[in-house]
1. Restricting attention to region 280-300, report how many residues are hydrophobic (A, V, I, L, M, F, W, C) and surrounded by fewer than 17 Cβ atoms within 10 Å (Cβ to Cβ).
2. Residue check, V25 against (1) among the aliphatic types (A, V, I, L, M); (2) at pLDDT below 95; (3) in contact with a strand residue (DSSP E or B) (Cβ under 6 Å, 6 or more places away or on another chain), all met but one. Which one?
3. What number of residues within region 225-245 are assigned to a helix (DSSP H, G or I), in contact (Cβ under 8 Å) with a residue 24 or more places away in the chain and surrounded by fewer than 18 Cβ atoms within 10 Å (Cβ to Cβ)?
4. Output the residue which, of all residues in region 252-279 that are exposed (fewer than 15 other Cβ atoms within 10 Å of the Cβ), in a helix (DSSP H, G or I) and not aliphatic (A, V, I, L, M), is modelled with the lowest pLDDT.
5. Looking at (1) at negative phi; (2) at pLDDT 90 or above; (3) buried (at least 17 other Cβ atoms within 10 Å of the Cβ); (4) within 20 Å of the chain's Cα centre (by Cα), which is the one condition that is false for A248?
6. Looking only at region 17-76, count how many residues are among the aliphatic types (A, V, I, L, M), in a loop (DSSP other than H, G, I, E, B) and buried (at least 19 other Cβ atoms within 10 Å of the Cβ).
7. Within the set of pairs 6+ apart or on separate chains, which have a first residue in region 262-289 that is under 30 Å from A233 (Cα atoms), a second that is charged (D, E, K, R), and C-beta atoms under 8 Å apart?
Amino acid sequence: MMECEKSNGKLVLVLGATGGIGGAVAKALVARGYRVRAMHRRALNVAADDPAYQWVQGDAMNAADVLAAAEGACAIVHGVNPPGYQRWGELVLPMIDNTIAAAKAHGATILMPGTIYNFGPDAFPVLREQSPQNPKTVKGGIRVQLEQHLELAAQDGVKVIIVRAGDFFGPNAGNNWFAQGLVKPGKRIKAVSLPGATGVGHAWAYLPDVAQAFVQLLEKSDSLPLFNRFHMAGHYDADGLTMAKAIAHAAGSNKIRFKRFPWWLVPLLAPVVPVFREVKEMRYLWKEPLRLDNRQLVSVLGNEPHTSLHAAVLATLKSLRCLASA
């Protein structure tokens, strides 16, 4: 197995470098001195956006493309997902199997972001790495199968590092609750929507912090077992209002209204708007307190990468062009 524990220019293949988590991990790797190879279906079109990466043409659904792109890489970041929540059942498992095959062939470590979709209410309110995985949704069931494929790969000698975290937010985070549910990208903030009930806690994760956790774990991978799951505590909104107040503070206004998310509208739009079908399925995550136990991560890294909530929210709002200064 190749070693990636030192930032000495080792090569890492990133699948999903133009996405939220894939892009954040790619940037963190370059900052630590790694070389990043980014595979994309339209590599020539996106290469100018991030010239620090070595762009290669390829499709994560094509096993030969992934195998060729992974040549010489000590790790593969599997940060790719089907676009627009479409065709999950058809695409997710073949893509991870292609990554597993490439990692096995080249002796590379797999880094993959996990989700809380794997869990149902029976695992709440505190999620641990060993909590029972009884998902309520089709997507959650597919995520469970995905991790099962990775666990079998580890039994066959492939090193796997999974990091689970709460709802993502941050620059270039893509589709997420912060950008699509709480505020409106490109518009000055006049109100913040509250998806959860007052007093119901919720876990958030700042993308650059998650990326730092991945890089630090990669650098310690030589001392880790073959199969690893870690949880990040991130930013815990204990009362359901902390994130909204942080947004108002970052926006510099005491006139911002807090309003309930229009859940009543979701069932009406779900039949015709795919993203609302997803939102409808995930409502259970906002009905009960939910946080992640990070003790296992801290035992390995010493502490969890953590940007202050104000700085994280400010950077996110700037990237969404929600501030006058932006």
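1. Kept after step one, since they are hydrophobic (A, V, I, L, M, F, W, C), are these residues of region 280-300: 282, 285-286, 290, 292, 297-298, 300.
Still in the running and surrounded by fewer than 17 Cβ atoms within 10 Å (Cβ to Cβ): 298, 300.
Here the count works out to 2.
2. Only one criterion is unmet by V25, namely (2).
3. First, the residues of region 225-245 that are assigned to a helix (DSSP H, G or I): 242-245.
Subset that is in contact (Cβ under 8 Å) with a residue 24 or more places away in the chain: 242-244.
Then keep just the ones that are surrounded by fewer than 18 Cβ atoms within 10 Å (Cβ to Cβ); that gives 242.
Final tally of qualifying residues: 1.
4. The selected residue is P274.
5. (4)
6. Quick first cut of region 17-76, residues among the aliphatic types (A, V, I, L, M) only: 17, 21, 24-26, 28-31, 36, 38-39, 43-44, 46-48, 52, 56, 60-61, 63-64, 66-70, 73, 75-76.
If we keep only those that are in a loop (DSSP other than H, G, I, E, B) as well, we get 17, 52, 60-61, 70, 73.
Then drop every residue that is not buried (at least 19 other Cβ atoms within 10 Å of the Cβ), which leaves 17, 60, 70, 73.
Adding up the residues that qualify gives 4.
7. Here the result reads W263/R283; V266/K280; V266/R283; E278/K139; E281/K136; E281/K139; Y284/K136, each pair linking region 262-289 to a residue that is charged (D, E, K, R).
Let's see how each residue does on (1) assigned to a helix (DSSP H, G or I); (2) at pLDDT below 95; (3) farther than 18 Å from Y236 by Cα; (4) in contact with a strand residue (DSSP E or B) (Cβ under 7 Å, 6 or more places away or on another chain):
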residue	(1), (2), (3), (4)
P171	no, yes, yes, no
K184	no, yes, yes, no
K187	no, yes, yes, no
T198	no, yes, no, no
P208	yes, no, no, no
L217	yes, no, yes, yes
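The values are calculated or read from the model by the stated rules, or taken from the named source; none is laboratory data. Remember, predicted model here, so these are calculated numbers, not experimental data. Glycine gets a Cβ as well: all are built from the backbone with ideal geometry, and neighbour counts include every protein chain shown.
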